[in-house]
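Since every read-out is calculated from the coordinates, none of them should be taken as a lab result. As the structure is a prediction and not an experimental result, all values here were calculated from the model. Because the Cβ atoms are built from the backbone with ideal geometry, glycine has one as well, and the counts that use them run over all protein chains shown.
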Amino acid sequence: MDLQKSMWYYISKRDDKPVIDKLNKLAEEYPTRGFDDYYNRIRNEGLKWNRKRVLRIYRNMGLPQRRKRKRRLPARIKQPLEQPLGINQNWSMDFMSDSLSYGRKFRVLNIIDDYNREALTIEIDFSITGERVVRELDKLAIWRGVPRSIRVDNGPEFLSKAFKRWCGENNVEIKYTQPGKPVQNAYIERFNRLYREDILDAYMFESLEEVIHLSHEWIQDYNYKHPHKSLGWLSPIKYFEHFPVEGTLNRKMNKQKKSNLVLS
């Protein structure tokens, strides 16, 4: 065959790993861009890789076929969960879901005030969008006022433009919890557990009206009669009546008052 032995036994020493790693990184950061963008970025960084080489590796990696783009959340900062010193300093919001007896699912939006754990509203519907969340906040603002901050998870309703715009217009700080860390919103998670045990897991619902009716009755009982251990076994409304504002200087005095109220 007129073939030299050195050619037959030749093993390429070319290492394409740096190029592969670089293209993978660019594809992760800019999944909608093409080869020309990637290659010129590489050249602008001072890497003198041959265009034909980069294009060969680009095609072998299957990059001409667009990768599925995964939406990335911005980094969330862990914030300590502390009881506010008065009402409307921080609210907590969260969604729950359940289904009617015939299988149709519905959603529940819970909003509480972290200071006295008062249930501000429980909104129930088959669909609750970011715009619907804003309408409910407007209703609350009429009789309750606007909070300084709201603690929420990273659900699409709380990432929506409508919700962010409302918070910006009303100077409300959004405190996002870290993904997969529901304990960072422990006040509303505790509330959700009570609501699920008393209502969602306790009844078979034939219609949405039944859920709404039972939930409204439950809110009255929870706000006026439910004893909270963390509030000195007082209900949310009674706690606010006795301690409308709790400052750092009179915390010990208030704790003593709470114990006396429980004993009496």
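Sequence-distant or interchain residues sharing an amide H contact under 5 Å with residue 151, placed H: which?
Sorted by chain and number, the residues that satisfy this are 91, 92, 93, 175.
Would you mind telling me which residue in 166, 233, 143 has the biggest mean-square fluctuation in a Gaussian network model of the chain, where springs connect alpha carbons within a distance under 10 angstrom?
Top of the fluctuation ranking is 143.
In a Gaussian network model over the chain where Cα atoms closer than 10 Å are linked, find which of 168, 86, 62 has the largest mean-square fluctuation.
Fluctuation is largest for 62.
Of the residues 141, 202, 27, which exhibits the maximal mean-square fluctuation in a Gaussian network model of the chain defined by a 10 Å Cα contact cut-off?
27
Among the listed pairs 139/225; 25/52; 5/25; 5/48; 161/229; 164/238, which have their C-alpha atoms separated by more than 30 angstrom in this model? List each step's numbers first, then the result.
On the way: 139/225 24 Å; 25/52 19 Å; 5/25 40 Å; 5/48 33 Å; 161/229 38 Å; 164/238 33 Å.
Pairs exceeding 30 Å: 5/25; 5/48; 161/229; 164/238.
Based on DSSP H runs of at least 4 residues, each adding -39500 (n - 2.57), what is the mean residue ellipticity at 222 nm of the chain after dividing by all its residues, to the nearest 500 deg cm²/dmol? Before the final figure, lay out the partial values.
Working: 11 runs with 112 residues, N = 264.
Helices in the chain give a 222 nm mean residue ellipticity of -12500 deg cm²/dmol.
Provide the packing ranking of 127-134, 146-153, i.e. peptides ordered by the mean count of other C-beta atoms within 10 Å per residue, highest first. Let's see the in-between values first.
Details: 127-134: 16.1, 146-153: 20.9.
With the highest mean Cβ count within 10 Å placed first, the list reads 146-153, 127-134.
Using 7 Å Cα-to-Cβ label points, what is the residue 30/residue 4 separation (nm, one decimal)?
Label at residue 30, label at residue 4, 4.2 nm between them.
How large is log10 I(q)/I(0) at q = 0.07, 0.11, 0.13 Å⁻¹ when the Debye formula is applied to the Cα atoms of the chain, each weighted equally and without solvent?
-0.44, -0.76, -0.92
Which FRET efficiency value, to the nearest 0.05, is calculated for residue 141 and residue 59 with the Förster distance at 45 angstrom and r the Cβ-Cβ distance?
Working: r = 57 Å, r/R0 = 1.26.
Efficiency, rounded to the nearest 0.05: 0.20.
What value in Å³ per residue do you get for the convex hull of the alpha-carbon atoms in the range 15-60? Before the final figure, lay out each step's value.
Working: hull volume 3.3 nm³, N = 46.
Convex hull of Cα atoms, per residue: 71 Å³.
Multiplying the sequence separation of residue 189 and residue 101 by 0.36 nm and subtracting their Cα-Cα distance, what value in nm do you get? Write down the numbers at each step before the final one.
Numbers: separation 88, 0.36 × 88 = 31.68 nm, distance 2.49 nm.
Result for the pair: 29.2 nm of gain on full extension.
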